Amino acid sequence: GIQDGRDLIESISITTLKSGKSLGLAEDTDGVVFDGTAREVCSVFPRSVNVHAALALAGVGFDRTTSRVVAKPGITENHHRIEVAGQGFSWAIEVSSRSLGGVTGAYTPLSAIGSIKRILSQGGISLV
């Protein structure tokens with residue numbers, strides 16, 4: 001939906017809630033650890049914000065996508081709240097996935113496999 005409506009979208013923001021450990025920070029880190037653009041967050045937490053990058057690519061770009069990362073001690077799931085607003089519409093999606101012990105959530109492998117299947121069913125990737 002984001003890619004289909006990108007010409008009408010005025011803003012996209014994403015807030016991610018993860019443990020400090022999964023962000024490469026101290027386990028007791030608590031609170032907002034980043035607030036800026038998707039381009040900036042990808043430089044600060046390159047292993048932890050694939051959802052931010054995917055939204056930026058599908059939507060309004062890395063400089064117009066707002067990213068926030070919040071650390072919460074003891075959390076065992078990765079949470080994402082995505083907010084989209086545009087010409088005559090707005091919506092929000094909340095997604096959470098159990099952490100696999102590192103930066104990746106349990107849903108990530110399923111999503112990656114689904115993406116590969118869609119690419120292959122459409123004839124693969126053209127390198128031309």
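The values are calculated or read from the model by the stated rules, or taken from the named source; none is laboratory data. Quantities reported herein were computed from a predicted structural model and do not represent experimental measurements. Note that each Cβ is placed from the backbone with ideal geometry, even for glycine, and that neighbours are counted across all protein chains shown. Each accessible area value is taken on the protein alone, full model and side chains, heavy atoms only, with ligands, DNA and RNA left out. Shrake-Rupley method; radii C 1.70, N 1.55, O 1.52, S 1.80 Å.
Miscellaneous remarks
- For region 1-89, size of Cβ-based charge dipole, Lys and Arg +1, Asp and Glu -1, in debye: 160
- Seen from Thr37, the other residues with C-beta closer than 9 Å to its C-beta sum to a net charge of 0, counting Lys and Arg as +1 and Asp and Glu as -1.
- The apolar share of the surface of region 1-78, taken as the fraction of accessible area on carbon and sulfur atoms (1.4 Å probe, ligands and nucleic acids excluded), comes to 48 percent.
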